[in-house]
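The block underneath contains the structure these notes are about, expressed in structure tokens.
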Amino acid sequence: MNVDITFLPSERTVSVRAGTTVLDAARRFGIPVRTRCDGKASCLMCKVVAQNGSGLSPMQNNERYKLGGLEAEGTRLACQAKIIGKAVVEVPEDPLRAAVRKQLMRQAEEDKLW
Ligand code: FES
């Protein structure tokens, strides 16, 4: 059985087999999710935010322990959360990319002054 997952902010919806992890689905369709441990739940770089709370597998104790309270905001580890129904997740912007974007915006504002 296939299920749909929508990745934000790109609003890209893809269909995958139920039980696929969010990380595997993202990789399969070229949606960038940061990772260093390759899905072993140790780097904590693959955090995504579940938008509707449903559609993902229940959180296991290991994931809850690793998140250390962030789960209350809907944060999940993409490598641990399995897609079991229609799901929507937000993939946070890469911190380095966000810093560069902010610097470019700041520079553009300064350029307007001249
Ligand atoms: S990929 Fe490293 S914790 Fe998920």
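Between the beta carbons of N2 and L113, assuming R0 = 41 Å, the FRET efficiency works out to 0.15 to the nearest 0.05. By the Cβ distance rule (another cysteine Cβ under 4.7 Å), the unpaired cysteines of the chain are C46, C79.
Computed over the alpha-carbon atoms, region 2-113 gives an Rg to Rh ratio of 1.06, Rh here being the Kirkwood radius from the mean inverse distance. Counting only aspartates and glutamates at least 8 places from K82 when in the same chain, those with an alpha carbon closer than 14 Å to its own are D4, D24, E63. The modelled label-to-label distance for the pair R106/R17, using points 7 Å beyond Cα in the direction of Cβ, is 4.8 nm. Of interest is the spacing of the C-alpha centroids, which for region 18-44 and region 45-97 amounts to 11 Å. Residue-wise HN-Hα couplings along region 14-26, as the Karplus relation 6.51 cos²θ - 1.76 cosθ + 1.60 with θ = phi - 60° gives them from phi, are 10, 10, 9, 5, 4, x, 6, 6, 4, 5, 5, 5, 4 Hz; Gly and Pro carry x.
Note on the chain: antiparallel DSSP beta bridges, both residues inside, total approximately 75 percent of the bridges counted. At an R0 of 25 angstrom, the distance between the Cβ atoms of K40 and E73 translates into a FRET efficiency of 0.60.
Every number here is computed from the coordinates shown, using simple stated rules; none is lab data. Because the structure is predicted, anything quoted here is derived from the model rather than measured. All Cβ positions, glycine included, derive from the backbone under ideal geometry; neighbour counts span all protein chains shown.
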